[in-house]
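Working notes for the structure below.
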Amino acid sequence: QVQLVESGGGLVQPGGSLRVSCAASGSFAVIYTMGWYRQVPGKQREMVARITGIGSTNYADSVKGRFTISRDNAKNTVYLQMNSLKPEDTAVYYCNADAKVWQGTTLQRNDYWGQGTQVTVSS
């Protein structure tokens, strides 16, 4: 299994910056794409940014040019640097990992989610 633990959320003023981190641990064989998603009450969870194991990235249009996703494969950690934050960026941010884990003698590929970290942009 894969455990994802997010950290770094909090309260920031509009125009400010924040970095959230997500560390993966567990008995996985390989982690493919890692990403950040966000959700506000009453709305569907949406993709914010994703990064593959070799560093290819893609972003939601709403965060392009403001957010940067990066990854440290040696630490099994993914980061999201958020700059020029807007009130509409307020949400719970969830880390996601696409990974293969051992189930007995078989490898199974699954999606894993962290518990979420609150990011609030407000003056």
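One residue stands out in segment 63-86 among those that are in a loop (DSSP other than H, G, I, E, B) and open to solvent by less than 60 Å² (accessible area, probe 1.4 Å): the one that is nearest to T120 (Cα to Cα), namely L85. Scanning segment 6-49 for residues that are without any contact (Cβ under 8 Å) to a residue 60 or more places away in the chain, within 30 Å of G104 (Cα to Cα) and exposed (fewer than 13 other Cβ atoms within 10 Å of the Cβ) yields one hit, S25.
Every condition in (1) surrounded by 13 or more Cβ atoms within 10 Å (Cβ to Cβ); (2) without any contact (Cβ under 8 Å) to a residue 60 or more places away in the chain; (3) more than 16 Å from G26 (Cα to Cα); (4) not aliphatic (A, V, I, L, M) is met by T117 except one, and the failing one is (2).
Going through (1) open to solvent by 70 Å² or more (accessible area, probe 1.4 Å); (2) over 16 Å from L11 (Cα atoms); (3) modelled with pLDDT of 95 or more one by one, Q108 falls short only on (3).
Among the polar types (S, T, N, Q), surrounded by fewer than 15 Cβ atoms within 10 Å (Cβ to Cβ) and either modelled with pLDDT under 95 or not in a loop (DSSP other than H, G, I, E, B) (or both), is that true of Q3? Judged against the criteria, Q3 is a match.
The values are calculated or read from the model by the stated rules, or taken from the named source; none is laboratory data. Predicted model only: the values in this text are computed from it and were never measured. Virtual Cβ from ideal backbone geometry, glycine too; neighbours counted across all protein chains shown. Accessible surface is based on the protein model in full, side chains and every heavy atom, while ligands, DNA and RNA are left aside. Shrake-Rupley method; radii C 1.70, N 1.55, O 1.52, S 1.80 Å.
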